[in-house]
Amino acid sequence: ALKSLQSRTGQEIHTSDWLTVDQAMIDGFANATRDRQWIHVDPQRAAAESPYGKTIAHGYLTLSLYPALRGLVDAGKPLAPGVKRVINYGINKLRFPNAVVVGSRIRAHCTLKSAGEAKGSIELVEEYSVEIEGQDDMKAEPGESVSFTFSTPGTYEYVCTLHSHDMRGTVIVR
């Protein structure tokens, strides 16, 4: 899997299907995160006061769609041949330069930045951006997602190097 992935470095390796961001999705995210700012959840006020004329999705809502848009939640479609588990490790950089207005259709574009060995797994760094249908500047969120993939069954000790060394865990691959 590593050599296969490394040969694709610098290439767009995934484009998702289109997804419509509707008010019910925005309201559900607002309720889950308790971020109920009017620009997200009050269509009447947004129509009157927002520069967009409508409500907009939370930037973090669009970010939270990454696993689904990337196709990481379908066990029947592994990231690469032989991959059995994917652990989202973090984000290297993230910006929200464009608003996603309610009713917009979005899709993800993922470009492989690097793939390397990392303690029994493969560390992947991908640039993730969101295209907003009909906008000239398509990137709602250019950022880099970091994940570890595991192909070989076994038990792997995990230490989060982004946080303290007290943050430890075990990854079991069957």
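If the condition is being touching a helix residue (DSSP H, G or I) at 6+ places or on another chain (Cβ under 7 Å) and modelled with pLDDT of 75 or more, then region 125-156 contributes Tyr128, Val130. Only one entry in Thr55, Thr62 is modelled with pLDDT of 90 or more, over 12 Å from the mean Cα position of the chain (by Cα) and among the polar types (S, T, N, Q), namely Thr55. Of the helices (runs of 4 or more DSSP H) that lie entirely inside region 9-62, those containing 1 or more residues that are closer than 30 Å to Leu79 by Cβ, in contact with a Leu (Cβ under 8 Å, 6 or more places away or on another chain) and open to solvent by less than 40 Å² (accessible area, probe 1.4 Å) span 23-33.
For Glu117, indicate whether it is part of a strand (DSSP E or B) and more than 18 Å from the chain's Cα centre (by Cα).
Values: part of a strand (DSSP E or B): yes; more than 18 Å from the chain's Cα centre (by Cα): yes.
The answer is yes for Glu117.
The values are calculated or read from the model by the stated rules, or taken from the named source; none is laboratory data. Because the structure is predicted, anything quoted here is derived from the model rather than measured. Cβ coordinates were reconstructed from backbone atoms using ideal geometry, including for glycine residues, and neighbour counts include every protein chain displayed. Areas reflect the complete protein model, heavy atoms only, side chains present, ligands, DNA and RNA absent. Shrake-Rupley method; radii C 1.70, N 1.55, O 1.52, S 1.80 Å.
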